[in-house]
Amino acid sequence: MQWLGGADEATVAQAAELELERLDALLSNYREDSVLEHVNAARTIDPIEVPAELVTLLEIASDVHAASGGCFDPTVRPLVRAWGFDGDTPSIPSEVTVADARARVGFEKLSIVDATHLRKTVPGVEIDMASIGQGYTAERLASLLETHGSTAYLAEIGGEIVARGLKADGTRWRVGVENPVDGAGAGPTLRIPADARAAVITSGSYRQFVTAGSRRLGHVFDPRSGQPVEHSLLSATVVGRDAATAAAWATALLCLGPGDSAVSAERNGIAALLWMVGGAAPEATNAFDNEWRALLAADDAP
């Protein structure tokens, strides 16, 4: 986290530490005492009381789920566990294991009752907020910096970035888009506009994977099939004002794959860079060209 102006470093650092702990206690799938894991452990179809913040994030997820034809779905947790992507040794599960996991996956099995309650229609439904959580956390840190008086900052969690303003030397923050094509060199650099907050979120299937013969199966799932995505779209970078929404769409586009991802992005006005196997550069959606093309200005641009 980098910033200019506002409160002193010690004050901001302490506030950021407290906020990170709060969000971890809300959204983590890796601590039994988190709110999310309490929801996952509740084998009931009765309403479950949760913080309004979690409901708000699930409303974003619901919107992207509907707009992507079901390709974005935070109830994929049973599939993540079945394939071992919640640990260090992913492996290919049996058909029986996948079938059991799929029976507990589907956003239609989870309903938002009101601003502070959820209900499962299948008790074994489990939620995984990893695809939204890091982007949302970066956004919360950006808001924290603004609360403490900064209007020039770069907040980053796990490579997901929210930035605003100019650096101390008067130039814009630069965010590199990783080239997922092996041996193809560096990707483009995006320059954050100085006058407004922007989120840059990338979802890719090329880092976490399990091999099956000559096949390489990534950690992003198509919840409609219960299988990891396996197609020629390697990564999707979404640029937008809201990091949680951008994060959900990055995952949805990667799930949809080539062709369908471009169609869905155009239909929903999503500014994205889509990188295909063998591509020398990412393909930009119309929304990216219309609103964010200036981010790809020449290297000597301020």
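Within the shell of other residues whose beta carbon sits under 11 angstrom from the beta carbon of Thr245, the net charge comes to -3, with Lys and Arg scored +1 and Asp and Glu -1. What the stretch 238-293 shows is 37 Å² of accessible area per residue, with the surface traced by a 1.4 Å probe over protein heavy atoms. Compared with the direct C-alpha span, the chain from Asp169 to Asp63 gains 34.2 nm at full extension, assuming 0.36 nm per residue. Taking every alpha-carbon pair under 8 Å whose residues sit at least 6 apart, the stretch 1-126 reaches a relative contact order of 27 percent. Seen from Leu144, the other residues with C-beta closer than 11 Å to its C-beta sum to a net charge of -2, counting Lys and Arg as +1 and Asp and Glu as -1.
Two tests apply to each whole DSSP H helix in the chain, Cα reach of 24 Å or more along its axis and mean Kyte-Doolittle hydropathy of at least -1.0, and the ones passing both are 9-27, 130-147.
Per-residue ellipticity at 222 nm from helix content only, as computed over the chain with -39500 (n - 2.57) for each DSSP H run of at least four residues, stands at -10500 deg cm²/dmol. For Leu295, the shell of other residues with beta-carbons less than 11 Å away shows a net charge of +2, using +1 for Lys and Arg and -1 for Asp and Glu. Accessible surface comparison of Tyr153, Tyr136, probe 1.4 Å, protein chains only, largest first: the order is Tyr136, Tyr153.
The values are calculated or read from the model by the stated rules, or taken from the named source; none is laboratory data. Here the structure is a predicted model, which means the values were calculated and not measured. Here the Cβ is made from the backbone with ideal geometry for all residues, glycine too, and neighbour counts use every protein chain on show. Protein only, heavy atoms only, side chains kept; ligands, DNA and RNA dropped before computing areas. Shrake-Rupley method; radii C 1.70, N 1.55, O 1.52, S 1.80 Å.
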